[in-house]
Each structure stands twice: as C-alpha cells, then as structure tokens.
Amino acid sequence: MARGLLPLVLALAGCTPGPPDPRPGIIAGIPEARSVRLDVAGAVRAGRHFEACAGLKQRLRTTGAEADWQALLLVAARDPACLEVEQGRRLAGFFRGRAGWVDAVGEWDAAQGAAVDVATLSASSRLRVLLRGEDQRAVVMAAEAVLRVQADDPFACAVVIQDATARGELREAVESCPEAQSPSLLHARAAALDEAGRFEEAVTAYDAAGYILHAAAILYQERSDRDLDAVARMDEAVPPAAIHRAWLAILRGRPAELGGLDDSPEATLIRALSGVSAARDALVGLGTIEARVLHARLVGDPTELDADLAADPHHELLLRADLGIRVDRGLDTERALSRLLALDPDHIVLAARFGRREAPWRALVPWTWRELATRVPGLSFAGRDEVGDRWRAALALPQGAREAELDALQVDYPEFRGLARARAGGLLLDGLGAFR
C-alpha cells in the first residue's frame, strides 16, 4: 500500500459507524400501561424479575436513564421473558465496552452461552455467571464473597443454604443468613428444618413465609393429632391443596376425593392408589422411584424393585416395600429375609431417605418394621459394615471428638439424610432400633 494512502485508510476506519442504538426501537415496542408504583431496586435485589422488568420499562418510557438500561439488560439476562433475544443482543452490542456496563453485558453473554471473564465482574454478577457452570465450589465461594459485602443478600443466601443442605450440613443451613427474612429464604430455611426432622420449627417457619400448604403437609404427615390445623391450611380450591387433602384421606384410611386433582405425577399416584386402573398403568411411564414402588405394590410383583435395590442395597424404603409386598401377597419371603440379614441396621438408618411431601412414602409403603416383625418370623438385620462401625465408634467418644468423627462421616457420605438429620438434632427413623 502506498505510504500516502495509509493515513486516509486509518481515518476512514476510525469513522466506521458502530452498531445502531437499539433503545428507540425497544421503547417503541413497550406497550402503554397504567402507571403503578413499583419497587424496582427491591425487585431486582430480591429476584422478582417480572416486577423489576415491568418497572424498568415503565420508567424507560419517560426517563431513559442509562442506569435503568443497564438494569434492564441485567434483568433480561436473568429472565429471558423480559426482552426478546434480538433486543438484548443489540443492547449488549451497543454498550459493550462502555463504563458501567461490564456486569450487564457479562451476564447477558453468559446467558447466551458465551464465555465470560468472571474476574472482570462484581461479586453479585460473578455468582450468577458461575451458576451457569459446573464448579460448585466456585459458586459457593462467589456467594460468600457477596455476603461479605451484603450479609443479607437473598440470592447469595439461598446459594449457601442450598449448598449446606446438599452437603448434609442441615444445622449450618438453618443458621445461615440470620439477618435475611425474605419469603424465599424463610422457605429455604423451613425446608432445611423439615429435612432435619425439626418439624415444629419448620411449620412455624413456613407459616411465617406464607407457605401455609407446606406447613399443612408437615402437620398431617408428622402429627396425626393436628389434622384440624392441617385442614385449616388446605381450604383453597387449587390442585396442590387437593393433592394434600387426598393424601391426608389416604393416610387416615378414607377414600380420597379425586375431583379437584390435576394431571400431575402426584395426582396419578393418588388415582392409582384409589383404584383407577388407567392411572395404575400410567405409573410405568412416570419414571420416578415412587411410581415404580407403587406399581410393584399394586400389581404384587416385588421383583420390579430388583434393579433399584441392586443399585442401592441400603435403601430403607425399597427394602421395606420389597418385604411388605411379599407378606401381603403371600409370596415367599426367604430371599428378602436373606437380604436383610446381611445388612447393618445403622447403615440403613443413616442412609435413610425421607421423600417429598407431595408424595409421602407413608402412603406408598404403608408397612412399618414393627408390623413386619410381628408377621415375619426371623426378621433380623445382623450385618456389620464400615459405615455402621464408624457410627457406633463415634457414639462412644466424648462430645467434641464424636462430633468431629460424625462430621467426617458426613463429608464421605453427603447423601446420607439420616446422618444429616441426626447431626442437626432431629429424629432418626423409627422402628429399626429393635434390630440393633
């Protein structure tokens, strides 16, 4: 290239126009609506994305402040319903590289599957971008960084509570973020209390958060003497309430009212238990462990549970269902008894699952170990294994050393809900103590 043409080419390159400003087009597409007073900042912070998006669009029709455009792109990154993808793409492209837009553009890029340098983002945006990846430890560290700046940030609090719950650290989950009192966090704390077996506290927490149906489920499933309190919380004419009313009836040995049920998997379980043959047949297609157990029970074929038991030989509910079906159907119990005899009862208790309130195991697997012991001569658990040995050895230690040993056991087996419940002060499985 001739030396004299180079300045001209560079000058022309510098004058190349950037992407067009998309804001007028976005504003033109915002429908006129009655002006209402919305707490935009509070909605963004609390994750009420619909409210935040509506409030920002309402303000942008009149003010057009750049900070509101930044917030709009941020909300759109977290809730795809806020902006059309092309609108968000143009907005991010127009402001890319501008001061103050790093978080909004970064979150938008991550939402579209693009790689983002998280080191350039604020703690809050870094947390949300990392959540789209698979590094759980990095996510928790990002949430902890947010909480060092804002101790009651609801999103970061939810992350640390859910992480503690997943690790079996239920006491940590219950005690995290005591300053945070948003309904979503009260819900997360109540769920941890429920899983910890601290049912009265869980009911109080759910009520305080406005989740009265969750409180009702705990009451009728854990406290048969408080059915009136449970029923008073289930008086809405909506499918979730109808599902719980049906489970209450089934657990009390009464016919379930099927009229208010929807087409959910839980409703299918209820219909199948109530004798609807089409629902019984539909259980096969649900693909859940609850559906497989109930189908095996209703058709009287415990061998349908063999694959699940092979994958998880200490699954207490599967073991109880396997034996209960055989006893009720008059089938040979030798195979089931041989299986149980080889198992460590403490391992079974520590590995226990407690299921979902929307599909209570007590309705699906109605036999208790005490009842089965009276009907099956020779029912026994006589095995010993490393898990049971570690548990029993820990119980013999002084308190501080005992807690340290149980903490280490939980780290090795974070999925053990019975162990997590015991360490959080809740009740263990009832009925297996006689076999120790």
| request: Rounded to whole Hz and in sequence order, give me ³J(HN,Hα) for region 361-371 from the Karplus expression 6.51 cos²θ - 1.76 cosθ + 1.60, θ = phi - 60°, writing x for Gly and Pro. | output: 4, 4, 7, 8, 10, x, 7, 9, 5, 4, 5
| query | Taking only the alpha-carbon positions of region 74-135 and ignoring solvent, what does the Debye formula give for the base-10 log of I(q)/I(0) at q = 0.15, 0.16, 0.21, 0.28 Å⁻¹? | reply | -0.39, -0.44, -0.77, -1.30
| message | Between region 237-288 and region 160-201, how far is it from one alpha carbon centroid to the other, in angstrom? | response | 29 Å
| query | Out of Ala188, Leu83, Val139, whose Cα points farthest toward the positive end of the dipole of the chain (charges: +1 Lys, Arg; -1 Asp, Glu; placed on Cβ)? | reply | Leu83
| query | Looking at region 205-322 from every direction and averaging, what is the projected area of its Cα convex hull in nm²? | reply | 8.4 nm²
| request: Answer with one residue from Ala424, Gly275, Val44: the one whose Cα lies farthest towards the positive end of the charge dipole of the chain, charges on Cβ with Lys, Arg +1 and Asp, Glu -1. | output: Val44
| What do you get when you divide the Cα radius of gyration of region 37-120 by 2.2 N^0.38 Å, with N the number of residues? | 1.02
| field | Debye, to nearest 20: dipole size of the chain, +1 on Lys, Arg Cβ, -1 on Asp, Glu Cβ | value | 700 debye
| remark: Counting only protein heavy atoms and leaving out ligands, DNA and RNA, the solvent-accessible surface of Asp152 at a 1.4 Å probe, in Å² to the nearest 10, equals 50 Å²
| Which log10 I(q)/I(0) values, to two decimals, does region 268-342 give at q = 0.12, 0.17 Å⁻¹ under the Debye formula with one point per Cα? | -0.32, -0.62
| field | Highest average packing first - 296-303, 330-337, Cβ atoms within 10 Å | value | 296-303, 330-337
| said: Quick check on region 147-247: what does the Kirkwood estimate of hydrodynamic radius come out to from the alpha carbon pairs, in Å? | reply: 14.1 Å
| Mean Cβ count within 10 Å, highest first, over the residues of peptides 249-259, 232-242 | 232-242, 249-259
| Using the Karplus equation 6.51 cos²θ - 1.76 cosθ + 1.60 (θ = phi - 60°), what ³J(HN,Hα) coupling, rounded to whole Hz, does each residue of region 248-253 give in order, writing x for Gly and Pro? | 4, 4, 4, 5, 9, x
| field | Size of charge dipole - region 208-346 - debye, nearest 20, with Cβ of Lys, Arg +1 and Asp, Glu -1, no other charges | value | 360 debye
| So what is the calculated 222 nm ellipticity per residue for the chain, using -39500 (n - 2.57) for each DSSP H run with n of 4 or more, over all residues, to the nearest 500 deg cm²/dmol? | -18000 deg cm²/dmol
| said: Please report the carbon-and-sulfur percent of the accessible area for the chain; probe 1.4 Å, protein heavy atoms only, DNA, RNA and ligands left out. | reply: 55 percent
| Per residue, how much accessible area does region 56-145 show when a 1.4 Å probe rolls over the protein heavy atoms, in square angstrom? | 49 Å²
| request: Measure nothing but the geometry: give the 0 to 90° angle between the long axis through the Cα atoms of 136-149 and the longest principal axis through the Cα atoms of the chain, rounded to 10°. | output: 60 degrees
| message | Highest mean first, how do 353-365, 378-390 rank when packing is the count of other Cβ atoms within 10 Å averaged over residues? | response | 353-365, 378-390
| field | Under Karplus coefficients 6.51, -1.76 and 1.60, residue-wise ³J(HN,Hα) of region 50-55 in Hz, glycine/proline x | value | 4, 5, 5, 5, 4, x
| said: What are the equivalent ellipsoid semi-axes of region 284-436, built from the alpha-carbon gyration tensor (square roots of five times its eigenvalues), in whole angstrom, biggest first? | reply: 28, 18, 13
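The values are calculated or read from the model by the stated rules, or taken from the named source; none is laboratory data. Since the model is a prediction, treat every value here as computed from it, not as a measurement. Positions of Cβ are generated from backbone atoms using ideal geometry, with glycine treated the same way; all protein chains shown enter the neighbour counts. Note: accessible area is taken over every heavy atom of the protein model, side chains too, but ligands, DNA and RNA are not part of it. Shrake-Rupley method; radii C 1.70, N 1.55, O 1.52, S 1.80 Å.
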